[in-house]
Amino acid sequence: MSTPAQSGLYIVATPIGNLGDLSRRAEETLGLADIILVEDTRVTGKLLNHIGKKAKMMVYNDHKSAADRAFILDAIRCKIVALVSDAGTPLISDPGYKLVRDAQAAGLYVTTIPGPSAAIAALTLSGLPSDRFLFEGFLPSKTKARSEALVALKDLNASLIFYENGSRLGAMLADAHTVLGERKAAVVREITKRFEESVTGSLSELAQRYDAEKPKGEIVVIIGPPGAPEAASEQDIEAALREALDRLPASKAAGEVARTFNTDRKALYELANRWKAEK
């Protein structure tokens with residue numbers, strides 16, 4: 001490691017599929033750890049066997065009691081404690097934030113060993129805009145609650161990232177199409193594994209495809225941002241200008257409408273004055 005190991009909490013990202021993606025720092029940290037906090041000892045045990053490391057594992061989730069967390073915090077004070085999830089970066093739709101919060105509040109050393117994340121990997125594979133995005137995790141499983149959650153995201157000008165399972169995928173995509181309208185989207189699964197797949201298309205196309213097809217494996221859905229609004233017609237702009245002139249002088253009315261419709265203020269001002277002259 002780049003610095004001598006010290007007692008504390010180490011948040012360690014692990015591979016999402018291909019074991020070759022485990023970083024050198026992550027491997028060294030797991031090898032030095034006195035305790036590894038895991039979601040499932042069988043999953044992390046396979047990773048430790050792969051790298052030839054042994055460590056005490058303890059199952060951790062955010063529903064652990066205050067007494068359990070107090071025990072772990074005591075261990076962090078004097079031991080190297082690593083936190084991992086079954087795959088990817090801990091805390092991203094996985095347990096851990098309450099422990100990190102409490103460790104920081106107690107003034108303990110907390111650091112991260114960054115690495116794979118299914119959400120980010122899928123975004124890079126989707127071919128959809130990546131300059132602005134929102135990770136939403138799993139949507140509710142019931143249609144009504146899922147639709148309500150999607151309504152809250154409808155006007156966000158960003159790509160949306162969701163996790164989903166195969167049995168609900170078709171229904172989730174259909175609800176997304178109903179609420180969000182037709183958008184470009186991608187279904188990405190089995191990232192870094194042998195059968196890695198990224199299927200792109202419109203929401204309606206993907207909803208139809210996955211209505212019958214129930215894919216297996218870890219699935220990430222990326223939905224692109226809403227398209228640009230249709231350009232306003234000349235009639236719409238003139239109607240807005242007439243309404244503005246009822247409230248404002250010609251110069252301010254032209255400026256307001258120009259900003260609203262992203263059009264030429266000078267032309268609007270001339271039109272407003274022509275209307276005045278015609279009265």
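A short reminder: the numbers here are calculations on the coordinates, not readings from a lab. The structure displayed is predicted, hence computed values, not measured ones. Positions of Cβ are generated from backbone atoms using ideal geometry, with glycine treated the same way; all protein chains shown enter the neighbour counts.
Summary of values
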| quantity | calculated |
| --- | --- |
| Above-threshold pairs, the threshold being 23 Å between Cα atoms, out of Lys46/Lys193; Lys79/Lys193; Lys56/Lys98; Lys142/Lys214; Lys184/Lys214; Lys193/Lys216 | Lys79/Lys193 |
| Between region 176-238 and region 61-86, the alpha-carbon center distance in angstrom | 39 Å |
| Packing-based exposure ordering (other Cβ within 10 Å, fewest first) of Val59, Val257, Val100 | Val59, Val100, Val257 |
| Interchain or long-range residues, amide H under 5 Å from Ile219's placed H | Glu164 |
| Potential extension, Glu205-Ala158 segment - 0.36 nm per residue separation minus Cα distance | 14.8 nm |
| In sequence order, calculated HN-Hα J values of region 265-278 (Karplus, 6.51, -1.76, 1.60; Hz; x Gly/Pro) | 5, 4, 5, 5, 5, 5, 5, 4, 5, 5, 4, 4, 5, 7 |
| DSSP-defined antiparallel bridges as percent of all bridges, region 119-223, nearest 5 | 75 percent |
| Using θ = phi - 60° and Karplus 6.51 cos²θ - 1.76 cosθ + 1.60, couplings along region 208-220 (whole Hz; Gly, Pro as x) | 5, 4, 8, 5, 9, 8, 10, x, 9, x, 6, 10, 10 |
| Interchain or long-range residues, amide H under 5 Å from Phe138's placed H | Tyr163 |
| Whole-number percent relative contact order across the chain, with pairs defined as alpha carbons under 8 Å at least 6 apart | 16 percent |
| Ratio of Rg to Rh over the chain (Cα coordinates, Kirkwood Rh, two decimals) | 1.18 |
| Order of Phe133, Phe195, Phe261 under a 10 Å beta carbon neighbour criterion, fewest first | Phe195, Phe261, Phe133 |
| Rounded to 5, percent antiparallel among DSSP beta bridges of the chain | 45 percent |
